[in-house]
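Chemist: Structure in structure tokens, see below.
The values are calculated or read from the model by the stated rules, or taken from the named source; none is laboratory data. In this text, all values refer to a predicted model and were calculated from it rather than measured experimentally. Backbone-built Cβ (ideal geometry, glycine too); neighbour counts: all protein chains shown.
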Amino acid sequence: MKITQAAIIGCGAIHRLHAEAIQQNSSIHLRAIVEANADSGLILAGRYGCSYYADYRELLQDQELDVVHICTPHDLHKEMIIATLAAGKHVFTEKPVALNCGEIKQIKAALAQSDARLGVCYQNRLNTSSQAIKSLLESGQLGKMLGIKALLTWSRTPDYYQQSGWRGRLSREGGSLLINQAIHTLDLMQWFAGGVSAVKGVTESTFLADATEGEDTAVANMMMTNGARGIFYATNGYTTDSPLLLEIHCEQGLLQLNDNNLWLIKEGEKQLLASDTLPVKKQKCYWGSSHQLAINQFYHAVQTPADTPVAANQYVDIHQAEKSLCLVEAIYRSSQLRRWIMLKEE
């Protein structure tokens, strides 16, 4: 198999997980990185044994390059994705794929003109617990889903926002808690329930009101596509980063994800179904542990001929990523208008 040549644009905190995943896959070679800070970029290029570019447009002229990872601030995603697709390179981007649903339309238009693939990193779908939940729900063993709720309590300090020129800036981040941290939880909820048909939510600035232009706390009620009720609460104003607390109430049992352990409660008995372990010790437990899996999944599709069944879009593509981003956008709009917002089904 030909070694796939990859590059990373943006060398902030999240890029490390992408670099490690690439280096641990023998079918991928990290060819280059792009970083606006030349001092940091040159040091990292030396560490990874790859080329360094200050301008991503220069990188895209490399004819040997196959895949570009985008790990930049949110407001740069759309521009970089469209330019990379136009250059004929595959794209794997961190979430959110864009700042809003209007930008997604532009990305879809660029995809329609390109033979390249676009994958979006919603790695928590690949956590052991998430896969177990999805499989059990699809099997029908628990009957109809009646309700789903999620509680996400993380901690961000004023320094977290002050250390960056884009975090907490509406024009650059697109929001705050919802579009940055909690979008993963909302993605899981809508994925498990087959989508969201309507949402009513409220966003607030509380403990971090002086640090970010956006929200640090949000609540939402959702009408799920499968008829279930959704209850959601998230905040960055807690004092520590707690693992996601998720519960799914079905006709024949209750699924609970608590402290990274998935339990089935049925007829008075509690059974452990799965545990999310961390193969990389220095990785943050509340992030989930599946960046490696998500990246390998995308490359498997890229490296497999398109005319074989295994090349089907198993990774999160633009259409799936759009659902979570538009849900976030609907919660923002609902909070402003103080009413239910209907979501369009594709």
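Chemist: What's the total number of residues in region 229-245 that are of a type outside the set (Lys, Arg) and assigned to a strand (DSSP E or B)? Before you say what the answer is, go through the steps one by one.
Modeler: Kept after step one, since they are of a type outside the set (Lys, Arg), are these residues of region 229-245: 230-245.
Now restrict to residues that are assigned to a strand (DSSP E or B): 230-235, 237, 245.
Residues in region 229-245 being of a type outside the set (Lys, Arg) and assigned to a strand (DSSP E or B): 8 in total.
Chemist: If Glu215 satisfies all but one of (1) in a helix (DSSP H, G or I); (2) of a type in the set (D, E, K, R); (3) more than 18 Å from Lys344 (Cα to Cα), what's the number of the condition it fails?
Modeler: (1)
Chemist: For region 1-58: of the residues being among the polar types (S, T, N, Q) and out of contact with any Phe, Trp or Tyr (no Cβ under 9 Å at 6 or more places or on another chain), which is surrounded by the most Cβ atoms within 10 Å (Cβ to Cβ)?
Modeler: The initial filter retains those residues of region 1-58 that are among the polar types (S, T, N, Q), namely 4-5, 23-27, 37, 40, 51.
Filter again for out of contact with any Phe, Trp or Tyr (no Cβ under 9 Å at 6 or more places or on another chain), leaving 5, 24, 26, 37, 40, 51.
Details: Gln5: 17, Gln24: 13, Ser26: 8, Asn37: 12, Ser40: 14, Ser51: 15.
Going through the qualifying residues, I end up with Gln5.
Chemist: Of the numbered conditions (1) surrounded by fewer than 20 Cβ atoms within 10 Å (Cβ to Cβ); (2) in contact with a Leu (Cβ under 7 Å, 6 or more places away or on another chain); (3) within 21 Å of Ala193 (Cβ to Cβ); (4) at pLDDT below 95, Asn258 fails exactly one; give the number of that condition.
Modeler: (4)
Let's see how each residue does on (1) farther than 18 Å from Tyr315 by Cβ; (2) modelled with pLDDT of 95 or more; (3) touching a helix residue (DSSP H, G or I) at 6+ places or on another chain (Cβ under 7 Å):
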site: Asp55; (1), (2), (3): yes, yes, no
site: Leu60; (1), (2), (3): yes, yes, yes
site: Ile82; (1), (2), (3): yes, yes, yes
site: His90; (1), (2), (3): no, yes, yes
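Chemist: Here's a follow-up. Does Leu151 satisfy the criteria of being within 18 Å of the chain's Cα centre (by Cα) and within 24 Å of Ile104 (Cβ to Cβ)?
Modeler: Working: within 18 Å of the chain's Cα centre (by Cα): yes; within 24 Å of Ile104 (Cβ to Cβ): no.
Answer is no for this residue.
Chemist: Looking at region 58-75, I want the residues that are assigned by TED's automatic domain parsing to the domain that holds Thr93 and of a type in the set (S, T, N, Q) and have a partner that is modelled with pLDDT of 95 or more and crowded, with 17+ Cβ neighbours inside 10 Å with Cβ atoms under 9 Å, at least 6 apart or on another chain. Which pairs are those?
Modeler: Every condition considered, the pairs that remain are Gln61/Ala87; Thr72/Ile9; Thr72/Gly10; Thr72/Val34; Thr72/Tyr56; Thr72/Met80; Thr72/Thr93; Thr72/Glu94.
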